Amino acid sequence: MSAHEMKQKMEAILAARAEAIEPLVDVQGQRADLLRQLAALDEPYGKAYADAEAAGWTAEELAEIGAEEPTKRPKGRPRGRRTSARKGTSAAAAETPSPAPSVPAQDSTGSTPPVAAAGQSG
């Protein structure tokens, strides 16, 4: 096979590869556009979901009707479920005081001579 034939074969392979990637490039562009649109809706969706919860809907009820929990919640106060759990644990901790550690009494009268270490004469 001559160098010219090898080059033509390589160019044919590269052309087929380039043609095969064109649909991927097109879909990738459309996908990037849709992801940008979806990201733009994350904040208003999170606010609407939080508003629904504030109006009395539970996350379980919203899930039953098909509303998914948002990935990003609006900034502000944490959900009631989290704060009540914290209050419950801190209240329980406040009601049960921990006992004071017991420390043995020391004899400080000096009536007992100090003990010498092994191998030392005192």
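The values are calculated or read from the model by the stated rules, or taken from the named source; none is laboratory data. Everything quoted here is computed from the prediction, not taken from an experiment. Glycine gets a Cβ as well: all are built from the backbone with ideal geometry, and neighbour counts include every protein chain shown. For the accessible areas, the whole protein counts, side chains as well, though only heavy atoms, and no ligand, DNA or RNA atoms are used. Shrake-Rupley method; radii C 1.70, N 1.55, O 1.52, S 1.80 Å.
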Exercise. Write out, first by first residue and then by second, each pair whose Cβ atoms fall under 7 Å of each other, whose residues are 6+ apart or on separate chains, and whose first residue, in the stretch 10-39, is without any contact (Cβ under 8 Å) to a residue 40 or more places away in the chain while the second is open to solvent by 90 Å² or more (accessible area, probe 1.4 Å) and assigned to a helix (DSSP H, G or I).
Key: none
Quiz item: What about residue 42, is it modelled with pLDDT under 95, surrounded by 10 or more Cβ atoms within 10 Å (Cβ to Cβ) and farther than 30 Å from residue 59 by Cβ?
Solution: no
Quiz item: Within the stretch 51-67, which residues are of a type in the set (A, V, I, L, M), part of a helix (DSSP H, G or I) and open to solvent by 30 Å² or more (accessible area, probe 1.4 Å)?
Solution: 54, 63
